[in-house]
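The values are calculated or read from the model by the stated rules, or taken from the named source; none is laboratory data. Remember, predicted model here, so these are calculated numbers, not experimental data. Here the Cβ positions follow ideal geometry from the backbone for every residue, glycine too, while neighbour counts run over all protein chains shown. Heavy atoms of the whole protein, side chains included, go into the accessibility calculation; ligands, DNA and RNA do not. Shrake-Rupley method; radii C 1.70, N 1.55, O 1.52, S 1.80 Å.
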2 protein chains.
Amino acid sequence: MKTIDVCLSPELIHLYDLSNRTVVVVDILRATSCMVTAMAHGAESITPFADLRQCESMKTRGFITSGERDGKKVEGFDKGNSPFEYMGEEIRGMKIAFTTTNGTQAIEKSKDAREIIIGSFLNLSSVVKYLLLSEYSALIVCAGWKGRVNLEDSLFAGAVVEKLKDYLGPDCDAPLAARHLYNLAKNDLAGFLSESSHVKRLNRLNIHQDFEFCLTVDEYKVLPRIKNGKIVL
Amino acid sequence: MKTIDVCLSPELIHLYDLSNRTVVVVDILRATSCMVTAMAHGAESITPFADLRQCESMKTRGFITSGERDGKKVEGFDKGNSPFEYMGEEIRGMKIAFTTTNGTQAIEKSKDAREIIIGSFLNLSSVVKYLLLSEYSALIVCAGWKGRVNLEDSLFAGAVVEKLKDYLGPDCDAPLAARHLYNLAKNDLAGFLSESSHVKRLNRLNIHQDFEFCLTVDEYKVLPRIKNGKIVL
């Protein structure tokens with residue numbers, strides 16, 4: 001029987017056998033929310049980079065560069081890490097090189113997975129449907145914050161576990177913990193997260209609008225996945 | 001101001017600066033519950049070992065040896081990992097060499113801490129009082145299961161965070177998550193844990209009695225701590 005597991009931090013990924021799993025990488029605030037938004041608005045591809053300079057160098061090869069560190073846009077990059085930067089008509093056909101503090105690192109660490117898809121609340125139902133139909137067991141990899149567990153990615157993981165509870169059994173306690181947290185929070189995700197460390201960090205950066213948008217469930221129907229190192233539809 | 005943080009797995013311990021923290025090591029099922037029980041019954045000291053053979057060799061030096069791997073007593077050791085083995089009158093004055101799958105490994109990984117104390121539900125209030133009076137910030141290190149996050153240790157961490165919430169602010173999201181889980185579970189810890197992977201594992205080993213005992217709050221008033229590599233009072 002297919003199962004579901006949750007890796008609460010990329011620093012725990014060595015504990016999991018990825019070779020027979022569909023991995024869902026999630027960084028709700030805000031990398032994977034941005035990626036889903038960009039793909040929903042017609043971007044051709046997004047190439048994730050763990051390394052900042054390697055990402056920046058893609059500018060000379062026809063890429064739009066997106067760079068975020070510690071919540072802020074990196075100087076010299078075309079775009080930062082707000083989903084509202086990935087919505088305009090100009091996104092259509094763009095090739096984007098993307099690097100962020102946590103999200104693109106989590107993708108890099110998941111590279112041995114059987115397959116990798118990109119999850120966020122914005123495409124929650126698409127993720128759930130895909131995992132239901134996939135022939136592989138699921139592993140949700142939470143990007144966290146610099147290796148530490150965070151609430152928003154755990155809540156997303158819990159939402160997926162909850163929605164698949166009649167079909168995919170939990171492998172260990174992390175999916176159970178995430179599901180409990182999601183059920184506690186689901187009627188007011190924003191309120192529940194208002195005390196979280198990352199939300200406070202974002203609020204200091206005046207990006208409250210991003211925060212609200214990233215918690216919108218099923219804004220888009222896309223399912224970005226990684227093929228040959230690139231995120232495509 | 002003093003703060004409180006929770007390291008949900010020993011595999012995340014490198015993310016924390018231990019040098020100015022009082023670390024509480026917790027392995028509810030069952031290493032730290034056994035240690036608290038033994039110290040409450042008059043054991044002279046418990047020396048934790050990460051390595052099985054090193055622990056076993058202490059037999060020739062006047063130690064009682066306690067060894068557990070994968071929930072079972074290791075052959076050739078005097079005792080296993082059930083708190084009921086550490087209650088009799090014969091415990092008084094004993095020097096115990098102790099190795100377990102998770103708990104003693106967590107102690108080993110915490111060795112750079114300013115100070116280390118041993119926590120369990122059995123001595124919850126003693127732990128809370130000590131952290132309240134300590135001059136250092138607190139870090140609860142959950143032993144987990146082979147590096148993975150587990151529910152029972154997370155619940156204990158949440159209990160401590162909850163009881164200190166008016167005094168020690170959370171450093172990041174892990175203490176918030178643990179506190180939410182504890183508040184959800186506190187009226188029926190056993191019921192809440194009945195679906196957890198470790199509890200199922202223990203039930204397969206027919207040690208349900210251990211499970212119930214390890215969830216008893218404040219059975220003992222002792223506060224074991226590590227001094228010169230040994231657990232003493």
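Taking amide H as placed 1.01 Å from N in the peptide plane, A:R69 has its amide H under 5 Å from the amide H of A:V74, each at least 5 places away in sequence or on another chain. Comparing A:F121, A:F98, A:F211 in a Gaussian network model of chain A (Cα springs below 10 Å), the most mobile by mean-square fluctuation is A:F211.
Within the protein assembly as shown, DSSP assigns beta bridges of which about 25% are antiparallel (rounded to the nearest 5).
Per residue, how much accessible area does the protein assembly as shown have with a 1.4 Å probe, in Å²? Display every interim value, and only then the final one.
Details: 18050 Å² over 466 residues.
For the protein assembly as shown, the solvent-accessible area averages 39 Å² per residue.
Measuring gaps between exposed loop sites in chain B (trypsin sites (Lys or Arg not before Pro); DSSP loop; at most 16 other Cβ atoms within 10 Å), the longest gap, sites not included, is B:3-91.
Based on the alpha-carbon gyration tensor of the protein assembly as shown and its eigenvalue square roots a ≥ b ≥ c, which shape applies: rounded if a/c is under 1.5, prolate if not and a/b is larger than b/c, or oblate?
Working: a/c = 2.21, a/b = 2.01, b/c = 1.10.
It comes out prolate by the Cα gyration axes.
Taking 7 Å steps out from each Cα toward its Cβ at A:K129 and B:K111 produces label points 5.4 nm apart.
Each listed q (0.25 Å⁻¹) maps to a log10 I(q)/I(0) for region B:140-222, found by the Debye formula over equal Cα scatterers with no solvent: -1.34.
Got a sec? What order do B:M58, A:M87 fall in by accessible area at 1.4 Å, biggest, i.e. largest, first? Before the final figure, lay out the partial values.
On the way: B:M58 20, A:M87 50 Å².
From most exposed to least exposed: A:M87, B:M58.
Here is how far apart the B:G62 label points are across copies: 7.9 nm, shortest first, using a point 7 Å from Cα toward Cβ. Taking amide H positions as modeled 1.01 Å from N, with prolines and chain starts lacking one, the residues under 5 Å from B:T47 and 5 or more places away or on another chain are B:I96, B:A97, B:F98, B:I231. For region A:35-119, the equivalent ellipsoid derived from the alpha-carbon gyration tensor has semi-axes of 18, 16, 12 Å in decreasing order. Projected onto the charge dipole of the protein assembly as shown (+1 at Lys/Arg Cβ, -1 at Asp/Glu Cβ, origin at the Cα centre), which of B:F49, B:S82, B:G147 gives the Cα projection farthest towards the positive end? Checked the options; the winner is B:F49. Note on chain B: GNM, Cα springs under 10 Å; of B:G191, B:G119, B:G144, the largest mean-square fluctuation is that of B:G191. Database remark: amide H of B:S9 closer than 5 angstrom to the amide H of B:C142 (H placed geometrically; neighbours at sequence offset of 5 or more, or on other chains; Pro and chain starts carry no H). To the nearest 10, the accessible area of B:V149 is 10 Å² with a 1.4 Å probe.
Only one residue of B:I107, B:T22, B:C7 has its Cα farthest out toward the positive end of the dipole of chain B, where Lys and Arg carry +1 and Asp and Glu -1 on Cβ, and that residue is B:I107.
Among residues other than B:N20 whose Cβ falls under 14 Å from its Cβ, what is the net charge (Lys/Arg +1, Asp/Glu -1)? It works out to a net charge of -3. With label points defined 7 Å past Cα in the direction of Cβ, position A:D218 shows copy-to-copy spacings of 4.8 nm, given to one decimal and shortest first. Using a 1.4 angstrom probe on protein heavy atoms only, the contact between A and B buries about 2400 square angstrom of accessible area, both sides summed.
Among DSSP bridges having both ends in chain A, what percentage is antiparallel? Round to the nearest 5. Could you put the intermediate results ahead of the total?
Working: 8 of 34 bridges.
Of all bridge pairs located within chain A, approximately 25 percent are antiparallel.
Here, P(r) means the percent of Cα pairs in each 5 Å bin from 0 to the largest distance; for region A:3-227 it is 1, 8, 16, 21, 22, 16, 10, 5, 1, 0. B:V217 label point, 7 Å along Cα→Cβ, cut-off 17 Å on backbone N: hits in region B:1-29? Only B:28 fall inside the zone, counting backbone N under 17 Å. Working note: 222 nm ellipticity from helices only, DSSP H runs with n ≥ 4, each -39,500 (n - 2.57), summed and divided by the residues of the protein assembly as shown, gives -9500 deg cm²/dmol to the nearest 500. Given a 1.4 Å probe and the protein chains as shown, B:H14 ends up with an accessible area of around 110 Å². Do any residues of region B:169-216 show a loss of at least 30 square angstrom of accessible area between the isolated chain and the full protein assembly, using a 1.4 Å probe, and if so which? With the partner chains in place, region B:169-216 has these residues losing at least 30 Å²: B:C172, B:D173, B:L176, B:A177, B:H180, B:L181, B:L184, B:E195, B:S197.
With a 1.4 Å probe rolled over the protein heavy atoms of all chains, the accessible area of A:E162, B:E135, B:E56 falls in the order B:E135, B:E56, A:E162, largest first. Just B:I118, B:I207, B:I46 to compare: in a GNM of chain B, with alpha carbon springs under 10 Å, which one fluctuates most? Comparing B:I118, B:I207, B:I46 in a Gaussian network model of chain B, the most mobile one is B:I207. Within the accessible area of region A:96-147, the carbon and sulfur atoms contribute 47%, probe 1.4 Å, all protein chains present.
Surface listing: A:F156, B:F213 arranged by accessible area from highest to lowest gives B:F213, A:F156, probe 1.4 Å.
In this structure B:L131 has an accessible area near 0 Å², from a 1.4 Å probe over the protein heavy atoms. For B:K165, the distances from its label point to the matching points in the remaining copies are 2.3 nm, ordered from shortest, with each point set 7 Å beyond Cα toward Cβ. Between the C-alpha center of region B:154-192 and that of region A:183-233 there is a gap of 24 Å.
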